[in-house]
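See structure below.
The values are calculated or read from the model by the stated rules, or taken from the named source; none is laboratory data. Because the structure is a prediction, the values reported are computed rather than measured. Counting neighbours? That spans all protein chains shown, and the Cβs are built from the backbone with ideal geometry, glycine included. Remember, those area values only see protein heavy atoms, side chains included, never the ligands or the DNA or RNA. Shrake-Rupley method; radii C 1.70, N 1.55, O 1.52, S 1.80 Å.
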Amino acid sequence: MSTAAPGASQQPGTEPQLKRGLKARHLQMIAIGGAIGTGLFLGSGGTIAQAGPGGALVAYAVIGIMVLFVMQSLGEMSTHLPVAGSFQTYATRYVGSSFGFATGWNYWFNWAITLAAELVAAGVIMSFWFPDVPSWIWAAVFLALLTGLNWLSARAFGEGEFWLAAIKVVTVFVFLVLGTLMIFGVMGGGSPGFSNWTTGDAPFAGGWLSIVSVFMIAGFSFQGTELVGVAAGESENPRRDMPRAIRSIFWRIMLFYILAIVIIGFLLPYTDPSLLASADAGDVTASPFTLVFERAGIGIAAGAMNAIILSAVLSAGNSGLYASTRMLYSLAKEGKAPRLFVRLNERGVPVMALLATAAIGVFAFLTSVLGDGGAYTWLMNVSGLSGFIVWVGISWSHFRFRRAYLKQGHSLKDLPYVAPFFPVGPLLALVVMLVVIAGQNYQAILDGRLPEVISAYIGLPIFLLVWLIHRLRAGRTGGLVPLEKVDVSGLEVKPN
């Protein structure tokens, strides 16, 4: 079995390898941009309407801390072994082959279907300006654009994501500044003071069950932060840049989310029907960002926010196409997918994996446009829990990696980055995520609405079934790897 140092991209006489073309600034924006999207621009209003400003604040803070622990776990493993397969590779090495198989295919499917969702959303958004143009035309244009960008090189993807993410970051920053000025009465009329924090049942509305439900919404909002772990496989200097990205991502994201919710809580009462409408219907005119900008005297707020949300949707599609392509490449490289998907072009892009992922996106999109939407809804529900399952896998993989690393006599001083809260961090993250997964749609369970229960939880039994089938076929080689036999070398296995 031959190995290669993680930093190598291609050796003379070997087949092409992924190119390490992502710079530090790309990793920073991929990490930050992955968690800032429609969940913040639209969904944040619904969380405040549901749980009150205080409830939303608590929920996002708790989930944000959990995400910190997950990212620290990912940071320790991805700086030690920076590969494109990321958590699929870690799950295979540190837990077991079958668990890694299920994790990798789960993640690929999740982002391939999410790509379709972003195409649907992009088409709807464009109807704001071009109501007479069919949405599928815009979806086709954007799919071609994103596929072409990813076809060029990892650096082209990183550059595109850098600027798309920068638009979102600047928008949030402007919102925080204007909102702060409005709270103090400098803009938008008189200061509301603390009135919106005391009206009705505020600051906590709906009790603890409402906060639990917001946990799930917040968790979906933060999904995408793990993309930086996949990107580490093509970073120019992952052992230097990954720790920087991990250390900064938590504080920046928490700053954006927590302060945004605080400002919305001050400026808009949780009883405002527009807040709930923004989450239920995806109405950009009801976005809390739009409402605040309009009250600040920005007349083109709706049009501007529509353009910004379009950039967020394209950013998610761009990142999803990249991540799922690399995951399929990694699965093929490790013998868990057809060898065809290992093929790279001269710029180190896994083109067959890219085309396969784009094709799944097209298929899912067509089920939404040409059918009654039922198949598309089920596809989305199957992928709904995928992000949480991946986070569970990251935490479990890290827990076993660290134990195996020390058990085999290695020193933490030799790791490029050490997660500071081990073992509390990954264990606490595991507990919180299992609670979130179990409470995915608790109301449907309490009310006995069986179709809704099946629809909400279908992704979990499918993941477990894939894991079990591979485990039965793999036999003893698919089970849990004993700690003393876990490969903690930090060396990447070359494709055969």
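Note on the stretch 449-488: residues that are open to solvent by less than 80 Å² (accessible area, probe 1.4 Å), under 30 Å from Tyr405 (Cβ atoms) and among the hydroxyl-bearing types (Ser, Thr, Tyr) amount to 0. Scanning the stretch 211-236 for residues that are closer than 22 Å to Pro420 by Cβ and not small (Gly, Ala, Ser) returns Phe222, Thr225, Glu226, Val228. Of the helices (runs of 4 or more DSSP H) lying entirely inside the stretch 394-496, the ones with 3 or more residues being within 23 Å of the chain's Cα centre (by Cα) and touching a residue at least 24 places away in the same chain (Cβ under 8 Å) are found at 424-438, 450-457, 459-474.
As an exercise: evaluate Leu149 against (1) within 18 Å of Ile30 (Cα to Cα); (2) open to solvent by 60 Å² or more (accessible area, probe 1.4 Å) and give the number of the one condition it does not meet. Going through (1) within 18 Å of Ile30 (Cα to Cα); (2) open to solvent by 60 Å² or more (accessible area, probe 1.4 Å) one by one, Leu149 breaks only (2).
Answer yes or no as to whether Gly85 is within 19 Å of the chain's Cα centre (by Cα) and open to solvent by less than 20 Å² (accessible area, probe 1.4 Å).
Yes; evaluated as a whole, the condition is true for this residue.
Scanning for something β-branched (Val, Ile, Thr), in a helix (DSSP H, G or I), open to solvent by 10 Å² or more (accessible area, probe 1.4 Å) and modelled with pLDDT of 90 or more, does the stretch 49-58 turn up at least one residue?
Among the residues of the stretch 49-58, at least one is β-branched (Val, Ile, Thr), in a helix (DSSP H, G or I), open to solvent by 10 Å² or more (accessible area, probe 1.4 Å) and modelled with pLDDT of 90 or more, which makes the answer yes.
Against the numbered list (1) crowded, with 19+ Cβ neighbours inside 10 Å; (2) at pLDDT 90 or above; (3) more than 21 Å from the chain's Cα centre (by Cα); (4) not aliphatic (A, V, I, L, M), Ser368 comes up short only at (2).
Only one of the listed residues (Thr180, Thr147, Thr103, Thr171) is modelled with pLDDT of 90 or more, in a helix (DSSP H, G or I) and either touching a Pro at 6+ places or on another chain (Cβ under 8 Å) or within 23 Å of Ala302 (Cα to Cα) (or both). That residue is Thr180.
Residue-wise test of (1) open to solvent by less than 60 Å² (accessible area, probe 1.4 Å); (2) among the aliphatic types (A, V, I, L, M); (3) out of contact with any Pro (no Cβ under 7 Å at 6 or more places or on another chain).
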residue: Arg155; (1), (2), (3): no, no, yes
residue: Phe175; (1), (2), (3): yes, no, yes
residue: Val186; (1), (2), (3): no, yes, yes
residue: Gly207; (1), (2), (3): yes, no, yes
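Scanning the stretch 337-349 for residues that are buried (at least 21 other Cβ atoms within 10 Å of the Cβ), of a type outside the set (Gly, Ala, Ser) and over 25 Å from Gly37 (Cβ atoms) yields Phe341, Val342. Residues that are modelled with pLDDT under 85 and in a loop (DSSP other than H, G, I, E, B) within the stretch 132-142 comprise just one, Pro134. Ile308 - would you say it is of a type in the set (A, V, I, L, M, F, W, C), open to solvent by 10 Å² or more (accessible area, probe 1.4 Å) and assigned to a helix (DSSP H, G or I)? Taking the combined requirement at face value, the residue satisfies it. Of the listed requirements (1) without any contact (Cβ under 8 Å) to a residue 12 or more places away in the chain; (2) within 21 Å of the chain's Cα centre (by Cα), Arg343 misses just one: (2).
On inspection, Ser221 qualifies as among the polar types (S, T, N, Q), surrounded by 23 or more Cβ atoms within 10 Å (Cβ to Cβ) and closer than 19 Å to Phe41 by Cα. Screening the candidates Val169, Val230 for the property of being buried (at least 21 other Cβ atoms within 10 Å of the Cβ) and of a type in the set (A, V, I, L, M) yields one hit, Val230.
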